[in-house]
Structures are given as C-alpha cells and as structure tokens.
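J.: Please see the structure below; I have some questions.
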C-alpha cells in the first residue's frame, strides 16, 4: 500500500542527471551516518559534464561493522546514469560507456575505474531511469565483467542497480523519499523544504554560545548506540527552531531530517504508523516544533525503544524537565554584537543598529522585526512581520488565543508593563501587591491568588525574569505591552489617583516608562497634560525633587516640545539666585535640555535655557549646563553634530551671549565661539539623540563645503567685531581664541586670507603680545607649511618676517626672547638648532657694539628672556676680559618686575669655565650687595659649584640673608655631587637644625641625590643618616599642611640603604617607627605607606626582636597606632591580597604571645592574620593554623570571617561572593581539620546570604 513516503519508478524517472547525482550523494551521506563511517570518505562530484574517469562517486575504505547493501566493504565506485536511452544490458552501450570509441583494453579504461579495480573495489553502475528485468540485470553484470576481464582484471566485483534497487534503499530514509516524490511541502518537510520557509530564510548570526549549541547537538545526533531524544527549549523568538535547522544542516544529518511544525500533525500520522511497524527500517531525525510536555511524553513513549535509527528533536518554549534520558538543550540568547549585525543586514547604519539591538535582549527574531521595520515601516517599529506575530507568540504560546487564560495573561502583562520592573518577593512584596491591586480593579476575577498563579506562569515561560524583582523580556515586548495598555485603558487616566498608593520605587519605575509615550496617541495626550500649565510641574518644587526631575526627563524624551514649554514657564522664569540654589534635579534638567536642543525648531529656546543655567553654574563637572551649552556650537557634521540646527541658525544665540550684560554669559559666549571655530577634531558622547522611540534626529550636515566655511567666517568676524568692546580679561581670552584656532582654519583655502589678515591686525594692537602672534605663525609654517597653497605660505612667510624684523633689537626679541620647540627641528622632524646660530651672531654684534646690548638689558634681566641663559653663556664666552660684567650686574640691580638671573646665570657659567678664581671673587663681592646677594644661590646653581661656593651659600643662610628654600634647587641637575662630603655634611647639619618644616624635605632630597645616585661613590654615614631618618619633624604633624609627596620615597630608599649598611642600628630605627606608626602628619601616616618597606626589612633581619617591640604597642586594647600596626601585619590592599609582615615572625613566637592571654589575643589575632588560604607543605598558612589551634572559639571564627570580608572588588557583588564561595568549597575538599571545615561552613552560609542580598540589589538597579 502506498504512503506519502512511497517512491515510484516515475518519481526517479523524473529526475534530471544533476538531480540524480544530488539525490545519490544525500543517500550515501545518510547511509554513512547509519553505519558509522565519516562523510569525509565519500566523494561525489556535482559536475556532471566534467570528465570523471568513468566514476561519479566513490566511498573509500569502508571498515564499518554494520552491514550495508549501499556501501560495500573496502573501496566502492559508482557510475551514475540518468538517461532513458541508456540500456545497460546491451553490449554496445556498455562498451561505449567503458571505453568510448577506443579498443577495449586496460589502457583505455577510465582512470577512476582502473583505480577502483586496482584496489579490488566494487564497481556499481546506478541506473535512475531503468527498471531492469532479471534477465536484463544478468546481461548487464556479465557484460561489464567481461570487459573488465578483457582489461586484465580476473575477478572484478560488479553490481548494477536500477530503479527497484534505489526504491529499496530509499525506504530506509523517509526524508529523501519526500524529496523525490515531491511531497515535502505537505505536513512533513525535508530539511531543504523547511529551510525555504520565510522565517528560516532570514540572515543567521551565531556567537560562541550558538556555535557551542550547534556542536553539542551534532555530536549527540551522531551517536548510533540507541534512540535519542533532544528537547530544545527557550523563550519565544530566541531562535530555537533556527538553531536546530543550522545544527542539522551538516551533510550527514540533512538527508535524515523530517520537520513537523506541530505535534498534532505527527501523532497517529502515516509517518508515525510506519515508524511503529515491527519490520520498518526507517532511519530518521524527526524534528517536531511547538511540542508541549504532553505531546512530547506521548511521542517519546512510542519511539524510545525503536532503536538507534530513530532520533527525536522536540522544540518548545517551556523547560519541563523529567526523569529519564532526554537531553535538554537551552537555546542561548545572541550577543548584542551579532544582534546588531542582524539589524545592519537591513541596510541600517551600525550606530542605529546598536541602539535598537539593546532592546532585543538577545532575541534574533525581535532583531529582524526592528531591521525590517526600520527599513520599510519606520513609523511603527514594533509592527510584527506578516509571516509571524512575534508578540503574540510570547503572550499566547501554544494556548487558545481566545481563552480566558490568555486574556488574563495579556491583561496582567499590560499592567506590569506600566513599570520598568517591580518587586515580587519579600522585602518588596508591597510593590507586587500594588500592581495586583491595579489589575484587580480592571478585572475582579484576577485576585491576589490568581495574580500569583499568572506571575508563576510568566516566569516559567521566561517572559518575566528575575528573582526578587521581576522585569519583562525582551525589552521590546515590554514597550509593546506598555503601548497596548495606554491604547486600551488610557482614556480618562487620572495621574494623581493612579500614583497615589504606589510605593516610591514603583512610582519611579512608572515614570521611566513614559519615554515611549510618543508611540501611543492616548499616552501622548497624557504627557501633554502632565507638562501643561495644569500639570504637576507648575509647582516649581517638583523639578527640585529627584523623582520629579527624573519623571520630567522621561517626559522630555516622549515630547520634547511640550517639555521645553514647561521649562520656559518654570526654570526660564527663575532668578539667577534661584538657579544657583537649583541643585537636586538640576542634572536631569540639563540632560533633558541637551536632548531637546537636538531638534532644530527647539534649539534656540533650549540653548537660551542652558545659557541661563550656565550663568548660574553650580556644578564642577564638564557636562554641566555650561559645558553642554558650549558644545551646542560645535560645527561638527553628521553623527558628531550636537543638533539638527545649522550653524547659521545657532549664530543668534551666540551673538546674544557675547553681547550680554552678564559677564558669566559673555564668558560662556567666548567659550562657545572657541568651540564653533574648532576645525580639526570632533567628538561627541552618544546618547542625547536616542529619545524614547523617536526617530533619530537628522543631525546637521553641510550641503556644501561653502556652508561650513561660511559658518566659520561668520563666527570669526562676529568675534573680531566685538574685540575692542570686551573688558580686558575677556579681550585677552578672545585673542587667545584667534591664536588657538588660526592654525586649523588657515588650512582652509577659503578662510586663509581672513585668518592672516586678523593675525596681522592683532600684532599691531597694543593689548596683544606680538610674540604670541609670531609664535603661532611659526608653528603654522613649521607643521603645515608644506601642505598650504604657495600663495598662502608666502603670505605667512612675509608676516613672519614682518613680525620678526631684521634689526638687532627685533632679532633679540625673536631668538633670545622666545624659546620655541619649532626652532630645534626642521619640518621633517630632523634635529637642527636655528637658535644657536642666530644667538652667536647677535652676541658677536653685542660684543662689538655695547650700545646695542645696553638698550636690551632692561628685559634681558627678566623672565621675558626665555633663551637668556644661552645668550648669556655665549656672551660670557666672547667677552674677552669680562668687561661687560659690571654693566650686567647694574642692569640686574635695577630689575624690579619679573626679575630673573637666567641671563646672568649663563654669563656666570662662562665665567666659571674660563676663570674660576674671578668667578669666586665676583660671588664673594655679591655678598654685601643687598640687591643681588639673594641671587647668589641661583647664580651658583646655574653656573657651577665648589666647596667655597657651598660654604658661601651656607654662610648666607646662617646669617638669614637667604632662606632654607634656596637649597632646594641643588637637588636638580646633579650639581651637588661635585661637593666634598665634608662640605655636604655641613649643609645637611644646617638643614637638620633648621626650624623650617620643609628643611627636612630638602635634606632628604639632597641626601638621596648625593649618596644614592648610581654615579655616587660616597658611603652613607651612620650617625648623620640615623639622625636624618629619625628627625623629629618627620614624626610630628606639620602646621603648614602636607609634606612633600617625594619625602616617603626618599626616606624609604635611604632607610633601606641604611639597614643594609648598619643592620644592628636598624633596631633603634624600628623603635622610632613603631612608636609613631600610622600617626597623622608623620612620615608613617596612612595604611600602605612606602616607608613600611623599611620596617619589613628590619623584621626580616630581626624577627624575634622586632616582634617583642611590636607587642608593646599592638594591644588589645586597640588605639589608632595598634590598628595601623595590625593592618601592616596583615598586609594586602583593599583590592589586592598579599602577605603581610606577620608572615616574617616565627610561628612559635606568635603562639607564645597568644597563649599568654588566649581570651583576649586569640580573637584579636584573627582580625589581622593575612587573609590568604592555601595548602602547601613548604609554607604554613597562618589563617589555617589559627583555626586549627583556636578555631573551636566562636569569637575567633567570627573575627576571622570579618577579616576575610574586609575587601574591595570591581564588577557585580554577587559574582564576587559566588567566586569566593566556590574557592572556599574547593579548599574544603582537601581540608582534614574539623575546625577549619566548621569555619568554612559558617562562612559559606554567610556568603550565601550576601549573594542573595547582592542579587536583590542588582536586580533593582539594572534594566
């Protein structure tokens, strides 16, 4: 009797040659899977017109133990014929097939046939369009054998298959049968037919979890030891069916697939009846979609013992694990990167795709909804495709869509969707009750008990997720349900009544969902009412509350226009004093205005409000109102543009700010002008453009380059026009803007002349330092000159020459007055020194004509001479008898404002090199010069040093003519290392005696440079070093604030060197350190000071001795010093564990100390024992040893837990505690001591509570 799986002769006869080859390939693959040989041993060419050596398919080396009529043992070669004219029983036909027109011989056989016969393989001729009689079959086989024997093969293995043989082979594989008889579009589908379904044709993306899922399924399906059932489960739209399709796409699995989209179509079907027949030999992988628990159990019960030829894959939303051998596979969510790629596949830009991908929560089907609608239906992004209603699949599942059960489920979901999330278990059960109360008002049949039943069902379906706080997933479904609620129940909505009895957190979550109100006409009207004159924001205090401001931000995303009107009535009417007091809620209002300003028609008023808030700025961070206002004027195009409004449309606001009577507003206007003239680097933090479900604003992009250039020109000209009208400080700010932006804008050919003209005019203005203009021109030419058009470069070169000048005075100001990096490198980055040559020439002129020099001296002796040292040095080298020295000294005496001996120091350097005696005499002479003696230390440091010079400086300090601070400069440049040790010690002695608190800091710095520099040959002296390290000022709090940040480093390095040289003396140092350990304001303050390394080294040398000293201060009782000492002993940092100093102390000494007072010291030791657990024979774990000895005490266990819980981490708290718990349980497996095991059990119990508490908090903080 025929069934839908019957294959008839005419079905085979209908196949084209290509189709016949394809079918035979799949037949071989299916058989290979059944008998357990790899498909890599099967080779079937798809090229039917390419010479194949007489063979179309081969199977190499079949060693399978399973008997097969289709695949012979050893080597098998198949010749496939699909022509009605081919008659294999006729000698001429066979001869022509084997030899063509050539003489029958071995040489003229096809190469592939010879290869088969040489390997003693089986040659099989497969005839798709012939149904041979027994006699025809005999003749065909004998004819082929005859010709093979003629070719020298005496015992060839030959078979000839015709339609009846093929039909017999196909009976085992119903999927192939459906494909051949063209019934694959009935209730059962082949893999190929299934893959052509609309939903299966969409782009497929797989991350690592999906690839692992596919590999796991394929491995399971290739097992041939028994019948196998895989149940795939997961939320609707997560991609279950598609994953199964992709997993079974493998060549050896695909021919076995029969897909059925419903269990009802399979139950009691022809296929099921055929499978259940005792004599049936079907080999099939049966895929049944939407297979609920009852159907799954029924079908598996029927198939379970039908042998390894049957493999069952069922697919359903719910996880309903039962006992038995079913293999459960959960379809994993797709990572956001691949979800984004799905959306991008619809020609959506990546930045847009990422935005919507976040709402998909890993559901590929939802991603396809967004992608398709963004492309074809942007006005309704949640519209389901015509092939499947995605949202109904989530809500209805496999139930009757018209049932009360589904109706109630939908109603509950819509009400839940009003809130971003809600608490369901204690301690947040009041939130669930508040939601349930709203639902019961809509449907009295949904009581609290029924509400809980529905929630459980929704959690089982994975639509609701979370433990203590629940939320709807995917987010897109949540938004769809929120919109549905408003469209269904929103008319006549009373806001005050609705929120009246809501808990605070639930109220906040209710507010946040309003950002999507633009998708519902009803919700949109409610938003307008809330933001209107009769809404809650008419009370200005409402915006000054965090929840009110947060609500406003959500409403602004839904309706930016109404939100702006609301702000104009409120914030826009406040005085500057009120705006200064506006703190709570301010951040949300600024964010809202940043979003509102994105829209072209709303930009002006939004910008004005930000300007008002910026005028009354009270926030220190960069994205405050001032920062947001300034960035609104960036000329950045496209995705980095701050708004839809063009620069031309923004200009009036900029003009208003610059012309304002308010200084704060004018300064903001200047900052905004600076931003508006940026031409090189554009950046913007994304986010403001994403507002609810609104389409992204069409951010400004210039239609032509001319539009962009015109924007720059108008701002530049407007600012220049205002220049003379600005107050002095603002004018200087404007000048700086021109100079800062000139380099970028001059590269724009259309603007270059305007920029150069402005620079020329600025250089002429009395309030502009022409050297700054010259510096900018030089920089432009140096870095961009080669890229500039010749005409523009020539103009800049001319301006440079004009500003530089060519007379002595001008060149002095250029090369001695300016120290530019650009003078040291050419335009290709090669090191040159343009300045040196110019200075040498200027010095030559000055030596030859003193009058030239005399006219420049008034500024050479000030900070204005940026290259003064180099000029002074060259001058000193060329001044033959130092005849200019009196002139220079006199000029230095007369210097008042910004006086500097930088120039004179260079001259003295030459004096030091050329005439050391005269150098000494001149410095001696300056001692009595009341105007210049204060400069002696710096002149010495800049020119050179000697013992005599050092004593001179020391004498000045001792006489009070210079202060201690003058010694500081000698720690730079290594100058001090040229002193003799005796003289250097005198300096240190002086500094140690000084009453100035910073003197010790200078002493440490000098000491470190003199004794510890790698080039030093001096040995630390014992007594002086000890007195330095123990100086009283290091161990008392300074009245002048914090000490130098380098003091710790210098003290530590000197201390470690001291210990190495004088270990016995180090015990006295330990005494001093322990006495002041952790004391505020001392060198030992803080918990992780560098100086503790010194004490660590002493402990390593003398552990027992130092331990005795430690115990004097350790406590209990515990004071501040004891607390710091125990933290040092414990070791580690807040985020990093490491061994502390306690590990250097012999264990017997520690236990001896504890045993002297177990009651007070055992628990105390538990608070600072290093919090590290390990099992190692070569090392002792102090924490474990403590538990072994004293772990029977509750106070020891409790304090050790507290010790181990003093920590820091990054990431989620629950994950941190879970990792910690897993470590303890792993440690416990190797533990043998009961005290340690009991402690671990107690700690794990506490960690379980912490994990739960952390998860509760995390659920409520993350959307």
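J.: Apply 1/(1 + (r/R0)^6) to the Cβ-Cβ distance of residue 705 and residue 584, taking R0 = 56 Å, and write down the FRET efficiency to the nearest 0.05.
T.: It comes out at approximately 0.75.
J.: How long are the three semi-axes of the equivalent ellipsoid of region 730-804, in whole Å, if each is the root of 5 times an eigenvalue of the C-alpha gyration tensor, listed from largest down?
T.: 19, 13, 10
J.: Another question, if that's okay. Need one number: % antiparallel among DSSP beta bridges in the chain, to the nearest 5.
T.: 30 percent
J.: Can you give the angle from 0 to 90° between the axis of helix 1103-1114 and the longest principal axis of the chain, with both taken from C-alpha atoms, to the nearest 10?
T.: Taking Cα atoms only, the helix is inclined about 80 degrees.
J.: Continuing with this model, one more query. May I have the convex hull volume per residue, in Å³, for the Cα set of region 495-574?
T.: 82 Å³
J.: Here is a further query. According to the Kirkwood expression over distinct Cα-Cα pairs, how big is the hydrodynamic radius of region 341-388, in Å?
T.: Hydrodynamic radius (Kirkwood, Cα pairs) of region 341-388 is 10.4 Å.
J.: Continuing with the same structure: Using 0.36 nm times the number of residues separating residue 164 and residue 539, minus their current alpha carbon distance, what extension gain do you get?
T.: Using 0.36 nm per residue and subtracting the Cα-Cα distance, I get 126.0 nm.
J.: Report the gain in length on full extension from residue 1238 to residue 84: 0.36 nm times residue separation, minus Cα-Cα distance, nm rounded to one decimal.
T.: Fully extending the segment from residue 1238 to residue 84 adds 407.0 nm.
J.: Going by average Cβ density within 10 Å per residue, which order do the peptides 78-89, 376-387, 791-802 take, highest to lowest?
T.: Most protected by this proxy first, the peptides run 78-89, 791-802, 376-387.
J.: Find how much the distance from residue 96 to residue 837 grows on full extension, using 0.36 nm per residue of separation minus their present alpha carbon separation; answer in nm with one decimal.
T.: Gain on stretching residue 96 to residue 837: 257.0 nm.
J.: For the peptides 478-488, 1084-1094, what is the packing order when you average, over each peptide's residues, the other Cβ atoms within 10 Å and list the highest mean first?
T.: So the peptides 478-488, 1084-1094, ranked by packing, come out 478-488, 1084-1094.
J.: Specify the inter-centroid distance of region 1084-1116 and region 609-623, based on alpha-carbon positions, in whole Å.
T.: Taking the Cα centre of region 609-623 as reference, the centre of region 1084-1116 is 51 Å away.
J.: Based on the Cβ-Cβ distance from residue 1108 to residue 1212, what FRET efficiency comes out when R0 is 41 Å, to the nearest 0.05?
T.: For residue 1108 and residue 1212, the calculated efficiency is 0.35.
J.: For the chain, what relative contact order do you get, as a whole percent, if you take Cα pairs closer than 8 Å and at least 6 residues apart?
T.: 4 percent
J.: Per DSSP helix of 4 or more residues, -39500 (n - 2.57); summed, then divided by the residues of the chain. What does that give at 222 nm, rounded to the nearest 500?
T.: -16500 deg cm²/dmol
J.: Further, regarding this structure: If you line up the long axis of helix 999-1011 against the longest principal axis of the chain, both from Cα atoms, how many degrees apart are they, to the nearest 10?
T.: Approximately 70 degrees, to the nearest 10.
J.: Grab the beta carbon distance between residue 1037 and residue 619, set R0 = 35 Å, and tell me the FRET efficiency rounded to 0.05.
T.: FRET efficiency, residue 1037 to residue 619: 0.55.
J.: May I ask for the distance between the Cα centers of region 738-796 and region 171-234, given as a whole number of Å?
T.: 70 Å
J.: What's the whole-number percent of alpha carbon pairs in region 9-170 lying beyond 24 angstrom?
T.: Cα-Cα pairs of region 9-170 separated by over 24 Å account for 30 percent.
J.: Using only alpha carbon pairs under 8 Å that are at least six residues apart, calculate the relative contact order of region 184-332 and give it in whole percent.
T.: Rounded, it is 36 percent for region 184-332.
J.: Of the listed peptides 1191-1198, 711-718, what is their order by residue-averaged count of other C-beta atoms within 10 Å, with the highest listed first?
T.: Sorting 1191-1198, 711-718 by mean packing, highest first, produces 711-718, 1191-1198.
J.: Along the three principal axes, how long is region 455-507 when you take its alpha carbons, biggest first, rounded to the nearest angstrom?
T.: Projected onto its principal axes, the Cα set of region 455-507 covers 34, 25, 17 Å.
J.: Normalised by the residues of region 9-170, what does the relative contact order come to in percent, with Cα pairs under 8 Å and at least six apart?
T.: Rounded, it is 24 percent for region 9-170.
J.: Continuing with this model, one more query. Report P(r) for region 649-719: all Cα-Cα distances, bin width 5 Å, range 0 to the bin holding the largest distance, values in whole percent.
T.: The distribution over region 649-719 is 3, 13, 20, 19, 19, 15, 9, 2, 0, given as percents.
J.: I would also like to ask the following. Report, to the nearest 10°, how far helix 705-722 tilts away from the longest principal axis of the Cα atoms in the chain, using its own Cα long axis and a range of 0 to 90°.
T.: 20 degrees
J.: Return the whole-Å distance between the Cα centroid of region 312-369 and the Cα centroid of region 832-906.
T.: When both Cα centres are located, 77 Å separates them.
Laboratory data are not the source of any read-out in this text; all were calculated from the coordinates shown. Note that the structure is a prediction, hence the values are computed from the model and not measured. Positions of Cβ are generated from backbone atoms using ideal geometry, with glycine treated the same way; all protein chains shown enter the neighbour counts.
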